[in-house]
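Written below as structure tokens is the structure these notes are about.
The values are calculated or read from the model by the stated rules, or taken from the named source; none is laboratory data. Everything numeric here is computed off the predicted structure, so don't read it as measured data. Neighbour counts run over all protein chains shown; Cβ positions are idealised from the backbone, glycine included. Ligands, DNA and RNA are stripped out before the accessible areas are found, and what is left, the full protein with its side chains, is counted by its heavy atoms. Shrake-Rupley method; radii C 1.70, N 1.55, O 1.52, S 1.80 Å.
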Amino acid sequence: MKATKKCQFCGKPFVTRSGMQRYCSEACQAEAKRARTEQKNNLFKVARPLMEIKHQEYLTFSKAAILMGCSRQYVYKLVALGKLKASRISSRMAFIRKADIERMLEGNPYHRVLPGSTSAPRKSASSSLLAKREKREKETDEVLDFYSGEEVMSLFKVKQSWLYTTAKRNRIPICRIARKNYYSKKHIDEFFGVPVDISKITDWLLTEEAEELFGMKPSALRAYAYRHRIPTKREYGRTYYSKSHLDELRRTDLVNDERYYTVEQVRQIYGLSSANVCHIVKAKHIEKIKVGVKNLLLRSDVERVMAERNRQP
């Protein structure tokens, strides 16, 4: 009876012609040889970087990761945490010294911890007191009052996306209930300042009234109120603006003040063009106050400059 063997490459049984035969055919023998050669080449590719690193003192982040057997991102993390030192040569080149890697490993020895063992280091009395104090401070700083997102947006005139990003960036406590965000009232007031109580404001202006009084377009009025945090409210589809806050910022009392001229009045009295008036204001340093879209010029300065111009030959 002829002896049979199992091919070491494909695994199929075959009848042997001699006791040294390991493959069922010449094709399997060639494929097995090619696989052995590829394995040797792959081993050389893996060992080659280690052989190069062996004689280098300063390593890049990629080579340091190869030497430590971890990812490059983990090396960046070790450097960011301050556990591993690195030197930046330029904006795109940084090196790690091999001695710093060895020093980091020596400074963090491995301690085996068995399940159920009590080998954890004991805390000193001072550290336990400090931990209790920190815990007490955390308990006293517990957040109890919250603003809803809609309240913050209406009070401080901010957008929802900006509010969430700013709260995350400034570590403002956020509580999420029923798919709605609630922000710590204490932290919001510290960041934005104490909001204005709208219920105490009695004088309000409609958009049309504010446009007529201050000479502003609706888009400019909305932008101005948003920029200066002017209290607004919306009732029955109409927007109202706080009259006292607008008067304080726009200074409408100066428009009818006899101490000031408008540019139009200077043009009519002295027969000048707008360009000439602007040039005289800049050259003679006439005091100017901007109220809305109007420029108010101090009357005494204008009369003095015009008298000087009339005296010139």
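For D301, the conditions (1) acidic (D, E); (2) at pLDDT 85 or above; (3) open to solvent by 70 Å² or more (accessible area, probe 1.4 Å) all hold with the exception of (3).
Residues in the stretch 148-161: is at least one more than 20 Å from A225 (Cβ to Cβ), at pLDDT 85 or above, among the hydroxyl-bearing types (S, T, Y) and surrounded by 15 or more Cβ atoms within 10 Å (Cβ to Cβ)? No, the stretch 148-161 has no match at all. Listed conditions (1) modelled with pLDDT of 90 or more; (2) surrounded by fewer than 10 Cβ atoms within 10 Å (Cβ to Cβ) are all met by L114, apart from (1). Residues in the stretch 9-24 that are of a type in the set (S, T, N, Q) and open to solvent by less than 50 Å² (accessible area, probe 1.4 Å) were compared, and the one that is nearest to the chain's Cα centre (by Cα) is Q21.
S199 falls short on exactly one of the conditions (1) open to solvent by less than 40 Å² (accessible area, probe 1.4 Å); (2) closer than 23 Å to K243 by Cβ, and that condition is (1).
Number of residues in the stretch 164-178 that are open to solvent by 70 Å² or more (accessible area, probe 1.4 Å) and in a helix (DSSP H, G or I): the value is 3.
Of all residues in the stretch 60-100, those satisfying the criterion of being open to solvent by less than 40 Å² (accessible area, probe 1.4 Å) and touching a residue at least 40 places away in the same chain (Cβ under 8 Å) are K98, A99. Is it the case that the stretch 21-30 has a residue that's modelled with pLDDT under 85 and of a type in the set (S, T, Y)? Among the residues of the stretch 21-30, at least one is modelled with pLDDT under 85 and of a type in the set (S, T, Y), which makes the answer yes. Being modelled with pLDDT of 85 or more and over 30 Å from I280 (Cα atoms), is that true of even one residue in the stretch 214-225? Yes, because at least one residue in the stretch 214-225 is modelled with pLDDT of 85 or more and over 30 Å from I280 (Cα atoms).
Considering the stretch 197-278, the qualifying strands (runs of 3 or more DSSP E), each wholly inside and each with 1 or more residues that are among the basic types (K, R), run over 232-235, 238-242.
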